[in-house]
1. For a 21 Å ceiling on Cα separation, which of these pairs sit above it: 79/192; 150/187; 83/196; 83/167; 39/150; 79/150?
2. Find out how many positive minus negative residues lie around residue 88, taking Lys and Arg as positive, Asp and Glu as negative, among other residues whose Cβ is under 11 Å from that of residue 88.
3. How high is the relative contact order of the range 42-196, given as a whole-number percent (alpha carbon pairs under 8 Å, six or more residues apart)?
4. Order 72, 48 by their accessible area, 1.4 angstrom probe, all chains in place, largest first.
5. Assuming R0 = 35 Å, can you tell me the calculated FRET efficiency for the pair residue 131 and residue 92, based on Cβ-Cβ distance, to the nearest 0.05?
Amino acid sequence: MRKLSFYFMIVLMSIALILCAGIAGCTNTAPAQPAPGQKLSTLEPAKMALQLSDLPANFMLVEEFQRNASDMREWALGKGWKKGYGVSFEVRGPDARGLDQLISVYPAENITLIVLDTVSSFKNWTIEDRNVTIVDLPSPGIGDASSALKVTQPGEPFDVYIIAFVKYDVYEELYANGTASDYEVLKTVAGKAAAKIK
């Protein structure tokens, strides 16, 4: 079950990035201006990453990785992506599920565009693949701006929940595959992730 869900998440993330590239190439949006006195993060992305102590006891660390410019799509680089980090956790066994965090730092003047672009790319995915259903969830109220989605696909054992948020000049995406209770865990963990941004 974990392999199916993990595969689904990888496909989901890959298609979202491709769609973001298309959207960014077709839109002519002027960069937003940062608010006067907007705060900037002072920590390296790796220092903002979730730790095992931030998750329920049954999770284990799978991978931590530096995100480099060569890993990023054109749309991210075009918006001034600076640096990033990622971490993956999972629960193994018959109730297998995963939780992933992707961290990116952008110029403050572009940070407000990132959540909107990401959410739009996921919603446009349903136009391309009618087997995928994406539902807006109420904003989790995390960071300076946030959005949440539920993604389902026939034949997959679990849904995928996504929370995207910005705080200061940091953008984060968190993914969890599982049930509604896993989404509640994701919201709690996303709040802890936002608190690490200083």
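The values are calculated or read from the model by the stated rules, or taken from the named source; none is laboratory data. Given the structure is predicted, the values throughout are model-derived calculations rather than measurements. Neighbour counts are summed over all protein chains in view; Cβ atoms, including those assigned to glycine, are modelled from backbone coordinates with ideal geometry. Remember, those area values only see protein heavy atoms, side chains included, never the ligands or the DNA or RNA. Shrake-Rupley method; radii C 1.70, N 1.55, O 1.52, S 1.80 Å.
1. Result: 79/192; 39/150; 79/150 exceed 21 Å.
2. Here the charged neighbours net out to -4.
3. On the way: 291 pairs, mean separation 32.2, N = 155.
The normalised contact order for the range 42-196 reaches 21 percent.
4. The ordering from most to least exposed comes out as 72, 48.
5. 0.80
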